Amino acid sequence: AIDADDNYIVVRIDRNDRITVEGAEVRSERDLLFKLRDLRLAPSRPDKLLVVGHGDATHGTAVMIMDAGRELGMEQVKLTVKDEEE
């Protein structure tokens, strides 16, 4: 599965626009940038971002996350939408 790929940092957005980065909740755009930067600088240095958005999530939330990834120099930023809860 793509979300098990170590080259990806996985960010999820639930139906209430709650954002989690690798399972940890982030509460603001600033928080998101710090968290992504920390992961980006980790030993594994993932350079791809996978945003898994819920179908009911606001489009702007996904765009904000993708922009944050690009700002941090991620090589690839992907968005996938899942309606069902896992």
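Laboratory data are not the source of any read-out in this text; all were calculated from the coordinates shown. Bear in mind that the values here come from a model prediction, so they are computed numbers and not experimental data. FYI the Cβ positions are ideal-geometry reconstructions off the backbone, even for glycines, and counts take in every protein chain you see.
Identify all residues within segment 45-79 that are exposed (fewer than 14 other Cβ atoms within 10 Å of the Cβ), in contact (Cβ under 8 Å) with a residue 40 or more places away in the chain and in contact with a strand residue (DSSP E or B) (Cβ under 7 Å, 6 or more places away or on another chain); write none if there are none.
Gly55
Which residues, taken from segment 57-86, are among the β-branched types (Val, Ile, Thr) and within 13 Å of Glu29 (Cβ to Cβ)?
First pass over segment 57-86, keeping only residues among the β-branched types (Val, Ile, Thr): 58, 61, 63, 65, 77, 80-81.
Of everything in segment 57-86, those that are among the β-branched types (Val, Ile, Thr) and within 13 Å of Glu29 (Cβ to Cβ) turn out to be Thr61, Val63, Ile65.
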